[in-house]
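Novice: Below is one structure. I have some questions about it.
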There are 2 protein chains.
Amino acid sequence: MGVTKSEIFTDQQNQVSTFAKAFAHPARVAILEHLFNLNACICGDLVEEIGLAQATISQHLKELKNLGLIKGEVEGTKVCYCIHQENWNKMKSVMTEFLTQDEKLKGSCC
Amino acid sequence: MGVTKSEIFTDQQNQVSTFAKAFAHPARVAILEHLFNLNACICGDLVEEIGLAQATISQHLKELKNLGLIKGEVEGTKVCYCIHQENWNKMKSVMTEFLTQDEKLKGSCC
DNA sequence: TCTACTTATCGTAATATTGCAATGAATTAA
DNA sequence: TTAATTCATTGCAATATTACGATAAGTAGA
């Protein structure tokens, strides 16, 4: 037990939860905000800016990259990461649709 | 060690990740969508609609309730759950601000 | 009262996540 | 080539999450 039963849910429900999982850790939220704020690629200064070990940051970056929300480019000995805008927009539309469901609601019942 | 170091992040970053955690499981996404779609309180039919054990659903409901996204009212032997609209709106504004950060971006760098 | 029904909680097992030290791989500069 | 730098990966250890059976707690009706 302890395994999420994705089979019994719709693709849309699994998508929402997968994206949400990306934001479900403050380090990943912080990484994404840094990438947005600098409006430019940033490398391993993230390790300094955020107070976590290099291995940990690298792991979080990998997760965000696997999800497609960021992309990385090797620049010499450093690696430059930035937001993958196209995929960010796709994610945003999935999440926004989920979040704005309440607009269908007429009124509360209890 | 396995413990999230919330101390080193801002309140906003912790808030985003806490809300995201609520949506980070398809069962909770499904529960919320059911509550929205029925536009009415719903009780333990969730157990039938979603294919998980009663104890598991109850646990997910508790998490959503603790976060304030839903509220429950006892009605006889049943319990009626529905969306907590005010808190949903608060959550929505926090998440929307996070998701629309990309509008500040001028262009991609890599 | 007793029984049936519904939901919450407890206990436990399985799996996932987080974090870091150590190490590996790749590049640059000397 | 060698040393330094940067980042990825590996291999733990600790904690969190998910799931469910069993059981408790509560209400409604006979």
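Novice: Filter segment B:44-70 down to the residues that are within 11 Å of chain A (Cβ to nearest Cβ) and away from DNA strand D (no atom under 11 Å from the Cβ), then identify the one that is modelled with the lowest pLDDT.
Specialist: The extreme case among them is B:GLU49.
Novice: Restricting to segment B:4-26, name every residue that is over 24 Å from B:HIS60 (Cα atoms), at the interface with chain A (Cβ under 7 Å from one of its Cβ atoms) and among the polar types (S, T, N, Q).
Specialist: Residues satisfying the conditions do not exist here.
Novice: Please go through segment B:18-29 and give me each residue that is touching a residue at least 12 places away in the same chain (Cβ under 8 Å) and not charged (D, E, K, R), ordered by number. Steps first, answer last, please.
Specialist: Just the residues of segment B:18-29 that are touching a residue at least 12 places away in the same chain (Cβ under 8 Å), to begin with: B:18-20, B:22, B:25, B:27-28.
Scanning segment B:18-29 gives B:THR18, B:PHE19, B:ALA20, B:ALA22, B:HIS25, B:ALA27.
Novice: So in segment B:101-110, with the set limited to residues that are outside any helix (DSSP H, G or I) and at the interface with another protein chain (Cβ under 7 Å from one of its Cβ atoms), which one is modelled with the lowest pLDDT? Full working, then the answer.
Specialist: Initially, segment B:101-110 is screened for residues outside any helix (DSSP H, G or I), giving B:105-110.
So of that shortlist, the ones also at the interface with another protein chain (Cβ under 7 Å from one of its Cβ atoms) come out as B:105-106, B:108-110.
Values: B:LEU105: 78, B:LYS106: 70, B:SER108: 62, B:CYS109: 66, B:CYS110: 65.
Per the criteria, the residue is B:SER108.
Novice: Can you tell me which residues in segment B:38-51 are surrounded by 18 or more Cβ atoms within 10 Å (Cβ to Cβ) and closer than 19 Å to B:HIS25 by Cα? Write out each step before concluding.
Specialist: Applying the first criterion (surrounded by 18 or more Cβ atoms within 10 Å (Cβ to Cβ)) to segment B:38-51 yields B:41-42, B:46, B:50.
Result: B:LEU46, B:ILE50.
Novice: Hey, can you tell me all the residues within segment B:53-62 that are open to solvent by less than 80 Å² (accessible area, probe 1.4 Å) and either among the polar types (S, T, N, Q) or out of contact with any helix residue (DSSP H, G or I) (no Cβ under 6 Å at 6 or more places or on another chain) (or both)?
Specialist: First, pick out the residues of segment B:53-62 that are open to solvent by less than 80 Å² (accessible area, probe 1.4 Å): B:53, B:55-58, B:60-61.
Within segment B:53-62, B:ALA53, B:ALA55, B:THR56, B:SER58, B:LEU61 meet the criteria.
Novice: Could you say whether any residue in segment A:65-79 is closer than 30 Å to B:GLU73 by Cα and of a type in the set (Ser, Thr, Tyr)?
Specialist: Taking segment A:65-79 and keeping what is closer than 30 Å to B:GLU73 by Cα, we get none.
So far as segment A:65-79 goes, no, none of its residues is closer than 30 Å to B:GLU73 by Cα and of a type in the set (Ser, Thr, Tyr).
Novice: A further question follows. Counting just the residues of segment B:27-38 that are closer than 17 Å to B:ASN89 by Cβ and either within 8 Å of chain A (Cβ to nearest Cβ) or acidic (Asp, Glu) (or both), which one comes out farthest from the chain's Cα centre (by Cα)? Break it down stepwise before answering.
Specialist: So the first thing to find is which residues in segment B:27-38 are closer than 17 Å to B:ASN89 by Cβ, and the list is B:32, B:35-36.
Filter once more, so that each one left must be either within 8 Å of chain A (Cβ to nearest Cβ) or acidic (Asp, Glu) (or both): B:32, B:36.
On the way: B:LEU32: 7, B:PHE36: 12 Å.
Only one residue tops the list, namely B:PHE36.
Novice: Return the residues of segment B:3-22 that are of a type in the set (A, V, I, L, M, F, W, C), within 13 Å of A:ARG28 (Cα to Cα) and open to solvent by 10 Å² or more (accessible area, probe 1.4 Å); say none if nothing qualifies. Full working, then the answer.
Specialist: Step one: list which residues in segment B:3-22 are of a type in the set (A, V, I, L, M, F, W, C), which gives B:3, B:8-9, B:16, B:19-20, B:22.
The next check asks that each one be within 13 Å of A:ARG28 (Cα to Cα); those that pass are B:8-9, B:16, B:20.
Of everything in segment B:3-22, those that are of a type in the set (A, V, I, L, M, F, W, C), within 13 Å of A:ARG28 (Cα to Cα) and open to solvent by 10 Å² or more (accessible area, probe 1.4 Å) turn out to be B:ILE8, B:PHE9.
Novice: For B:CYS80, are the conditions met, namely being farther than 23 Å from A:LYS5 by Cβ, more than 8 Å from DNA strand D (Cβ to nearest atom) and hydrophobic (A, V, I, L, M, F, W, C)? So that I can check it myself, show each step before the final result.
Specialist: Numbers: farther than 23 Å from A:LYS5 by Cβ: yes; more than 8 Å from DNA strand D (Cβ to nearest atom): yes; hydrophobic (A, V, I, L, M, F, W, C): yes.
Yes.
Novice: Same structure, new question: If you go through segment B:23-37 one residue at a time, do you hit one that is more than 24 Å from B:TYR81 (Cα to Cα) and open to solvent by 70 Å² or more (accessible area, probe 1.4 Å)?
Specialist: Taking segment B:23-37 as the starting set, the residues that turn out to be more than 24 Å from B:TYR81 (Cα to Cα) are none.
Checked against the condition, which is being more than 24 Å from B:TYR81 (Cα to Cα) and open to solvent by 70 Å² or more (accessible area, probe 1.4 Å), segment B:23-37 yields no hits at all.
The values are calculated or read from the model by the stated rules, or taken from the named source; none is laboratory data. As the structure is a prediction and not an experimental result, all values here were calculated from the model. All Cβ positions, even for glycine, are placed from backbone atoms using ideal geometry, and neighbour counts span all protein chains on display. All accessible areas refer to the heavy atoms of the entire protein, side chains included, with ligands and DNA or RNA removed. Shrake-Rupley method; radii C 1.70, N 1.55, O 1.52, S 1.80 Å.
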